[in-house]
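The values are calculated or read from the model by the stated rules, or taken from the named source; none is laboratory data. Small disclaimer: the values here were computed from a predicted structure and weren't measured. Counting neighbours? That spans all protein chains shown, and the Cβs are built from the backbone with ideal geometry, glycine included.
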Amino acid sequence: MDVFTAIKTRQSIRRFKTEPFPEETLEKILEASRYAPSAGNVQPWKFFVVRSKDVRVKLADAALGQKWMVTAPVIIVACADLPRSAASYRQRGSELYALQDTAAAIQNMILSAVEAGLACCWVGAFREEIAARILNINPQVLRPVAMIPLGYPAESPARPAKRPLEEIIEYID
Ligand SMILES: Cc1cc2nc3c(=O)[nH]c(=O)nc-3n(C[C@H](O)[C@H](O)[C@H](O)COP(=O)(O)O)c2cc1C
């Protein structure tokens with residue numbers, strides 16, 4: 001699948017088949033994260049791959065009760081390593097670059113998942129302190145940025161409208 005097809009095929013999926021997906025697929029998705037751009041190539045990210053049902057239930061609770069997340073066999077929690085960015089870029093690193101870098105790595109994973117026939121949804125609505133407690137991390141160090149439930153899709157919802165190019169682009173010649 002070419003990248004543009006993956007971009008256009010991707011959509012947020014919120015119901016998954018319970019069957020697991022191959023380990024090699026997971027490895028490929030995780031591998032994709034490593035190649036994302038990052039400010040100064042600092043790579044300030046860490047990913048928790050949660051397969052435990054108990055922990056997935058807890059994460060869904062932390063995500064304001066988005067129970068559908070538990071239907072995914074895997075939830076990846078993407079965290080930004082704030083001190084790692086701050087070491088190079090101080091406040092701009094911890095407040096901006098670390099989040100941008102981690103988001104770029106997340107999108108790499110999402111597009112790789114689509115290419116592998118999987119689906120996911122970027123989940124940003126969650127209580128960071130609770131997620132951090134579940135993962136046993138210090139959120140001042142590793143800030144949880146997103147949860148990504150991942151699996152084979154069990155729904156095909158209508159695609160939400162996207163804003164037209166002319167509304168979002170301004171050329172400056
Ligand atoms: C930063 C961010 C946070 C999001 N948080 C949630 C969320 O907590 N729950 C959810 O169901 N979807 C969440 N989404 C998915 C969006 O609702 C979805 O991307 C949007 O409606 C567009 O639909 P599409 O992804 O199918 O194109 C989030 C997406 C982003 C990028």
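Which members of region 36-62 meet the condition of being in contact with a Phe, Trp or Tyr (Cβ under 6 Å, 6 or more places away or on another chain) and either within 15 Å of the ligand (Cβ to nearest atom) or under 21 Å from THR18 (Cβ atoms) (or both)?
From region 36-62, those in contact with a Phe, Trp or Tyr (Cβ under 6 Å, 6 or more places away or on another chain) are 39, 62; that's our starting set.
If the condition is that a residue be in contact with a Phe, Trp or Tyr (Cβ under 6 Å, 6 or more places away or on another chain) and either within 15 Å of the ligand (Cβ to nearest atom) or under 21 Å from THR18 (Cβ atoms) (or both), then ALA62 is the only one that fits.
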Worksheet item: Has region 63-83 got any residue that is farther than 16 Å from ILE148 by Cβ, in contact with a strand residue (DSSP E or B) (Cβ under 9 Å, 6 or more places away or on another chain), of a type in the set (S, T, N, Q) and modelled with pLDDT of 95 or more?
Response: no
Subset of region 125-158, residues under 23 Å from PHE21 (Cβ atoms) and loosely packed, with under 15 Cβ neighbours inside 10 Å, comes to GLU155, SER156, PRO157
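From the list GLU23, GLU31, pick out the single residue that is under 15 Å from the mean Cα position of the chain (by Cα) and of a type in the set (Asp, Glu). If you could, list the steps in order and put the result at the bottom.
On the way: GLU23 fails: under 15 Å from the mean Cα position of the chain (by Cα).
Checking each option against the conditions leaves just GLU31.
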